[in-house]
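Please read the structure below before turning to the comments.
FYI, it's all coordinate maths here, none of it is from the lab. Just so it is clear, the structure is predicted and the values come from calculations on it, not from any experiment. Positions of Cβ are backbone-derived with ideal geometry, glycine not excepted, and every protein chain shown enters the neighbour counts.
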Amino acid sequence: MAKSDIVIAGYAETPVLYRSGRSAYDFAGEALAQLIKNTGIEKSVIDGMSVTVPLSECANPFFAVYMAEGLGISPTWLNYGGIGGCSATGGVSRAMSAIRDGHCEVAVVMSADAPSTRWNANYAAYRSEFQDPVGVQGPPAVFGLLMSRYAHQYKLKPEALAKIAVTQRNHALLNDNALDKFRKPLTEEDYFNSRMVADPLRVLDSVMFCDGANAFLVMTRQKAEELGIKKYVYPTAYAELTNVNGADPLADITETGFSKIAPKVFAQSGLKPSDISMFQPYDDFTIAILMKFEDFGFCGRGEGSDFILNTDLSFSGQLPLNTGGGQISAGQPGLASGGLNLAEAVRQLFGEGGKRQVKNPKNALVTGIGVIPFARNWGTSAAMILEV
Amino acid sequence: MSETAKAGRPVPKPNTYVDTTPFWEGAKRKELFLQYCKDTGRFQHYPRPVSIYTGSRNLEWRKVSGRGKIYANTVIRIPGPGIDGRLPLPVVTVDLEEGARILGNIIDSNVEQIKIGAAVEVAWDHLADDIYYPAFRLV
């Protein structure tokens, strides 16, 4: 994907709210209006759209079509992305393909969800027979299992996870879009005093479902210039993998999809881990961040705890981490979650990070995670590298 | 063996995803049946519409020993649907001798001794009248 002439030429993000009482459509409208205002484009130039499947509206199989109708957009290319927290980066990648194939010129990648107001999802499948009776209702138990296995095979230092929580909270304090409730400082002591959810997973290792939206504009650089858009970034690498080791029932669950796709995004971009200006990894739980430091080669397998403890991860540090607070400290806007980390990367590369601006960033590594499968780690892993 | 039905715990409805009749019939007799791929001679769990090894539907159900080792473990400590009155709830994944990994609860055991690598055997959790569900106990 390197040297592509297709760019992200605009982004928008609503504040993250808890039990807002509003719908995904309403949040999407706010994001679109902001996107149009930020970029100065006419809505009529948008001829492509990727929409993320939201928890709050996914009983409607035509949500994406309703979204187009609701927003007054008539796309010649419409994608409905069902890979959860990978749908935003995945939507950008698919929009790039669609633009390359001539299906559209200006695509909006829209992720909006409001599950803390309205839960309208039912994962069904095998779960009522083989998962629910065990009491494993949501991701925390699965991540508790994953953490236990990681700790068994490697060294897991809780103080490293505490450092992630505290670092990201410090960043959320500087993010006006972060959930109000999380905009108070956090100490390591607070982390260790936080309630155990599913041993050894604590509340402060975890995200909380909220409401919100984000949107991205994808087009060729030439089109952006035609439209008078001055700020854009190049997605120079993207890779995803679903159901890693899916035909191995006894697979090592500490081996994630990221270990397979990390070499691909580095090869596509020609970058190496030490070249990365900032890391905006999908953070449903702190252990996922720790494992990704290893999977992307910032350190060796099993060295994540020491790497975290020995690295300044603040926005002004060696490897700025989730500079907007991540989902854990900004709030997780349902399945619009993957766009939160992506929006922060684009914002920083546009130089709009305000009080938390990373100094002269050249690029950003963004990841997504989608859905929790049966007794494994996670369903989809996605990674994107953006360059200025 | 836990013979006490737990209030408020949902009773699974068989065959919602694929035909799982042999699993539930076996459970009534307190025998653990898993899906078996006849082409490769390998087990798989949870049940699938095809063999995850070959993609064929050349599957059958076979009784397994119910013996295995704990692969990963956690304890759920927060309330949720269907787990009222069950907290703290030990949850493990078990690598069965037959080469499949299964999610389950630990019952009838000293929870302090639950650890990765510990040997377990299937135990039967009584959900409703004639409905039993596989769990595990430390051996």
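Observations on the structure shown:
- Top positive-direction residue, dipole computed over the protein assembly as shown with Cβ charges, set A:253, A:58, A:86: A:253
- Rounded to the nearest 20 debye, dipole of chain B from Cβ charges on Lys, Arg, Asp, Glu: 260 debye
- Chain A, dipole about Cα centre (Lys/Arg Cβ +1, Asp/Glu Cβ -1), debye to the nearest 20: 500 debye
- Listed residue pairs exceeding 23 Å between alpha carbons, taken from A:43/A:223; A:155/A:292; A:155/A:272; B:38/B:63; A:230/A:359: A:155/A:272
- Summing Lys and Arg as +1 and Asp and Glu as -1 over all other residues whose Cβ lies under 13 Å from the Cβ of residue A:216 gives a net charge of +1.
- Using the rule -39500 (n - 2.57) for each DSSP H run of four or more residues, divided by the residues of chain A, the 222 nm mean residue ellipticity is -10000 deg cm²/dmol.
- Using the Cβ-Cβ distance between residue B:108 and residue A:362 with R0 set to 45 Å, the FRET efficiency from 1/(1 + (r/R0)^6) comes to roughly 0.15.
- Counted charge near residue B:116, where neighbours are those whose Cβ lies closer than 9 Å (Asp, Glu -1; Lys, Arg +1): +3
- Charge sum, other residues only, whose C-beta stays under 13 Å from residue A:352's C-beta, Lys/Arg counted +1 and Asp/Glu -1: +2
- Dimensions (Å) - the protein assembly as shown, Cα atoms, principal axes, largest first: 73, 48, 44
- Shape category assigned to the stretch A:90-208 from the gyration tensor of Cα positions, a/c cut at 1.5: oblate
- Shown here are the Rg and Dmax of the Cα trace of the stretch B:21-138, at 15.0, 44 Å.
- Across the stretch A:235-244, coupling constants 3J(HN,Hα) worked out from phi with the 6.51/-1.76/1.60 Karplus curve, θ = phi - 60°, read x, 9, 7, 8, 8, 9, 8, 10, 6, 4 Hz, and Gly and Pro carry x.
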